[in-house]
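The values are calculated or read from the model by the stated rules, or taken from the named source; none is laboratory data. As the structure is a prediction and not an experimental result, all values here were calculated from the model. Positions of Cβ are generated from backbone atoms using ideal geometry, with glycine treated the same way; all protein chains shown enter the neighbour counts. The accessibility values were calculated without ligands, DNA or RNA, using every heavy atom of the protein model including side chains. Shrake-Rupley method; radii C 1.70, N 1.55, O 1.52, S 1.80 Å.
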Amino acid sequence: MVTPLADDIWWYDLGGTNAYLVDDGALTLVDTGTRFHASDLIGGLRDAGFELRDLDRILLTHYDVDHVGGLSAFDGVELTIHVGARDAPFVAGERKAPLSNHKGFVQRLGRPLISTPDNPVEPLDDGDTVGSFTVYDTPGHTPGHVCYVSETLSAAFLGDLVVERGDGRFHPSPWLLSYDTGDVAQSIRSLAERAPDYEVAGMGHGVPFKTGGSERLADAVGRL
């Protein structure tokens, strides 16, 4: 089941992790949960009035089992998968996460729960556009973490750059779940400075916001 956040934006609450469905002229899924969420993802499309064949693209904020595991649900569907350039080789199955980093070690443990997609994986760089979305490099949680901001829809999809913990505020990705928390802090500052104002803010964990998204990120900067 999906919950409307705004016109043409729906929230999948997958039980601890989030995904989003967005129609900006091309039907877009932002993140995919785990492999166990396949039926939820497909059912949510129908709840929003679409069919599986209507899906045009998938935008991944980063490579983690709870964001890319559901890709297997879309094997056989003609679409393109977009992801930050530094995480793209992991998604495409061309490289394994490094064991030299504590977060990379956790990612390596989760690898058996991720299958290599049969759809093309397109790497994205800072400033690239996909439909109405502008791509912002936001490394730290993972090396290739990106955020997607649509000025047209007044919405930002922040992945795990920040988390909402039930208090209506953004908090930085913590050390245990990040490659580099210094990079996380810098990425939060950079996104707050560079992105246009937006209302809807969808993060990977916690309750997304329907209004005041960019203001809440600015508040997080003040607490770094």
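Of note:
- From phi via Karplus (6.51, -1.76, 1.60), per-residue ³J(HN,Hα) for the stretch 163-177 in Hz, x at Gly/Pro: 9, 9, 10, x, 10, x, 10, 8, 10, x, 4, x, 4, 4, 9
- The stretch 95-224 - percent of accessible surface contributed by carbon and sulfur, probe 1.4 Å: 52 percent
- For the stretch 1-71, a simple Cβ point-charge model (Lys and Arg +1, Asp and Glu -1, everything else neutral) yields a dipole of about 260 debye relative to the Cα centre.
- Heavy-atom accessible area order for Asp125, Asp87, largest first, 1.4 Å probe: Asp125, Asp87
- Most mobile listed residue (Asp167, Asp64, Asp197) in the chain, GNM with C-alpha springs under 10 Å: Asp167
- A 1.4 Å probe run over the protein chains yields, for the chain, 42 Å² of accessible area per residue, whole-number rounding.
- Residue with peak Gaussian network fluctuation, the chain [Cα springs, cutoff 10 Å], from Thr80, Thr34, Thr17: Thr80
- Pairwise Cα separations in the stretch 142-181 fall into 10 Å bins from 0 onward with the following percentages, short to long: 27, 45, 26, 2.
- For the options Pro174, Pro89, Pro120, a Gaussian network treatment of the chain with springs between C-alpha atoms closer than 10 Å singles out Pro120 as fluctuating the most.
- The chain: calculated mean residue ellipticity at 222 nm from DSSP helix runs of at least 4, using -39500 (n - 2.57): -6500 deg cm²/dmol
- Percentage relative contact order, the stretch 116-185, counting C-alpha pairs under 8 Å, at least six apart: 25 percent
- A 1.4 Å probe over all protein chains sorts Glu164, Glu199 by accessible area into Glu199, Glu164, starting with the largest.
- Bridge type composition, the stretch 1-138 - antiparallel percent by DSSP, nearest 5: 60 percent
- When the square roots of the Cα gyration tensor eigenvalues are ordered a ≥ b ≥ c, the ratio a/c for the stretch 157-224 is 1.5 or more and a/b does not exceed b/c, which makes its shape oblate.
- Nearest-10 value in Å² for the accessible area of His171, using the 1.4 Å probe: 30 Å²
- Shape of the stretch 103-224, Cα gyration tensor, a/c cut at 1.5: oblate
- Among [x] 23, 22, 16; [y] 23, 20, 19; [z] 42, 21, 17, the entry derived from the coordinates for semi-axes √(5λ) of the Cα gyration tensor in Å: [x]
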